[in-house]
Amino acid sequence: MPQDTRREDILHAAGRVVLAKGVTGLTLNAVAAEAGVSKGGLLYHFAGKDALLDGMVEQLIDLTEARIADAMAGDTGPGRWTRAYLAACAVDPEGADPLDRLATALLAAGASDPERLARLRDHQAHWREMQRSDGIDPVAAIIVRLAADGLWMNDLFGIRALSQAERDAVVARLREMTQR
């Protein structure tokens with residue numbers, strides 16, 4: 001198996017471990033077992049738990065960026081980045097999405113060590129710049145982005161603050177806000 005694929009498998013396994021056992025269950029042994037590699041094999045890719053968590057942050061950013069790029073590919077005109085961000089925040093209802101697993105793991109890890117999320121915080125400057133240059137009212141873009149984050153968190157944690165019909169109506173209204 002190519003090294004990059006093995007590395008990704010380990011990162012996804014780490015997300016599954018956190019979902020199943022919580023942040024305290026995120027041990028190198030547990031991740032190695034979940035990924036089907038030896039602890040030495042895991043350490044070949046990640047020097048330790050901190051490196052593993054840092055890799056999870058990087059992969060979360062990369063997967064989010066890829067989703068945004070995919071959604072923008074079929075869209076043109078003002079507001080396309082904001083619409084793509086809204087689309088990127090959609091959660092897989094089956095829970096099979098690696099982005100969702102990584103996000104859950106990282107949010108839990110960030111709660112116990114806020115510095116783990118420094119790279120994600122740093123990346124926000126890029127996303128803010130994309131938002132500002134999106135060609136729509138900057139305040140509307142901010143509202144859409146923050147609402148998308150809120151919907152994502154609700155979906156990610158299964159809070160169900162809205163019925164599906166209400167959620168669909170909110171998303172439709174947010175998309176309308178990106179058209180103005």
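Quick check on region 14-63: take the gyration tensor over C-alpha atoms, sort the square-rooted eigenvalues as a ≥ b ≥ c, and tell me if it's rounded (a/c under 1.5), prolate or oblate.
Details: a/c = 1.70, a/b = 1.11, b/c = 1.53.
Cα axes put region 14-63 in the oblate bin.
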### Task
Within region 1-40, report the trypsin sites (Lys or Arg not before Pro) that DSSP leaves as loop and that have at most 13 other Cβ atoms within 10 Å.
none
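Which of the three applies to region 114-155, rounded, prolate or oblate, going by the alpha-carbon gyration tensor with a ≥ b ≥ c and a/c under 1.5 meaning rounded?
Verdict is oblate for region 114-155.
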### GNM flexibility winner over the chain from Gln164, Gln131, Gln59 (Cα, springs under 10 Å)
Gln164
### Query
Considering only Gly40, Gly55, Ile143, whose Cα is most displaced toward the positive end of the charge dipole of the chain, charges sitting on Cβ of Lys, Arg (+1) and Asp, Glu (-1)?
Ile143
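Would you calculate, for the chain, the mean residue ellipticity at 222 nm contributed by helices, counting each DSSP H stretch of 4 or more residues as -39,500 (n - 2.57) and dividing by all residues, to the nearest 500?
Numbers: 9 runs with 131 residues, N = 180.
Computed ellipticity for the chain at 222 nm equals -23500 deg cm²/dmol.
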### Task
Return one number: the angle in degrees, 0 to 90 and rounded to the nearest 10, between the long axis of the Cα atoms of helix 164-177 and the longest principal axis of the Cα atoms of the chain.
60 degrees
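Every read-out reported here was derived from the displayed coordinates using simple, explicitly stated rules and does not represent laboratory data. The model shown is predicted, which means the values in this text are computed figures rather than measured ones. Using ideal geometry, Cβ is built from the backbone for each residue, glycine included, and neighbour counts are taken over all protein chains shown.
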